[in-house]
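Before I ask anything, here is the structure I am working with.
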Amino acid sequence: MLYLCLLPRRKGHLPWAGDKTSNPDQWISFFEKILDVDFDYVVPGHGPLCGKEEVRKQLKLLNELRDNTLKAIEEKSGPIGIKKSTIYDKASESRVTRTLQHFYAFYSKNK
């Protein structure tokens with residue numbers, strides 16, 4: 001049985017998609033790459049052990065947010081115009097808002 005352990009990249013810092021230092025494209029690339037690894041469980045930085053299905057779910061979320069953000073940028077509707085994902089329905093509103101703001105800022109600069 002193989003466990004894949006995901007650790008923070010800097011001491012005391014657990015990156016997440018809405019962190020202003022995160023690069024959503026690197027997150028997407030990372031999840032795509034680890035899906036090619038043969039493992040049974042992921043030991044995440046927080047939350048319970050999970051498997052490839054959770055990684056696929058995270059990847060789907062990030063791709064959906066990227067696509068919805070690019071559409072909002074094209075429509076010039078600002079972060080408020082980004083269609084929210086329903087993949088995770090228990091995320092706090094403040095975390096969702098910060099993630100959408102970060103994605104909008106990131107893709108506006110890197111378009």
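The values are calculated or read from the model by the stated rules, or taken from the named source; none is laboratory data. Everything numeric here is computed off the predicted structure, so don't read it as measured data. All Cβ positions, even for glycine, are placed from backbone atoms using ideal geometry, and neighbour counts span all protein chains on display.
Do any residues in the stretch 48-64 that are within 15 Å of Asp36 (Cβ to Cβ) have Cβ atoms under 8 Å from those of residues that are of a type in the set (Asp, Glu) and assigned to a helix (DSSP H, G or I), where the two are at least six apart or on different chains, and which pairs are they?
The qualifying pairs are Leu59/Glu32.
Check Lys76 against each of (1) at positive phi; (2) at pLDDT below 95 and name the one condition it does not meet.
Checking Lys76 against (1) at positive phi; (2) at pLDDT below 95, the one that fails is (2).
When you scan the stretch 91-111, how many residues do you find that are among the polar types (S, T, N, Q) and touching a residue at least 60 places away in the same chain (Cβ under 8 Å)?
The initial filter retains those residues of the stretch 91-111 that are among the polar types (S, T, N, Q), namely 92, 94, 97, 99, 101, 108, 110.
Subset that is touching a residue at least 60 places away in the same chain (Cβ under 8 Å): 99, 101, 110.
Number of matching residues: 3.
For the structure I just gave you, tell me whether Val42 is part of a strand (DSSP E or B) and at pLDDT below 95.
So Val42 passes the test.
Filter the stretch 33-86 for residues that are exposed (fewer than 13 other Cβ atoms within 10 Å of the Cβ) and among the β-branched types (Val, Ile, Thr); which is nearest to Thr97 (Cα to Cα)?
Ile80
When the stretch 83-100 is examined, which residues are found to be under 12 Å from Asn68 (Cα atoms) and part of a helix (DSSP H, G or I)?
Within the stretch 83-100, the subset under 12 Å from Asn68 (Cα atoms) is 83-85, 100.
Leu100 - this is the single residue of the stretch 83-100 that is under 12 Å from Asn68 (Cα atoms) and part of a helix (DSSP H, G or I).
If I ask for residues that are within 22 Å of Lys109 (Cβ to Cβ) and either touching a strand residue (DSSP E or B) at 6+ places or on another chain (Cβ under 7 Å) or among the aliphatic types (A, V, I, L, M) (or both), which ones from the stretch 51-99 would you list?
Once the filter is applied, which keeps residues that are within 22 Å of Lys109 (Cβ to Cβ) and either touching a strand residue (DSSP E or B) at 6+ places or on another chain (Cβ under 7 Å) or among the aliphatic types (A, V, I, L, M) (or both), the stretch 51-99 yields Leu61, Leu62, Leu65, Leu70, Ala72, Ile73, Ile80, Ile82, Val96.
A further question follows. Among (1) in a loop (DSSP other than H, G, I, E, B); (2) crowded, with 16+ Cβ neighbours inside 10 Å; (3) at pLDDT 90 or above, where does Ala17 come up short?
Unmet for Ala17, out of (1) in a loop (DSSP other than H, G, I, E, B); (2) crowded, with 16+ Cβ neighbours inside 10 Å; (3) at pLDDT 90 or above: (3).
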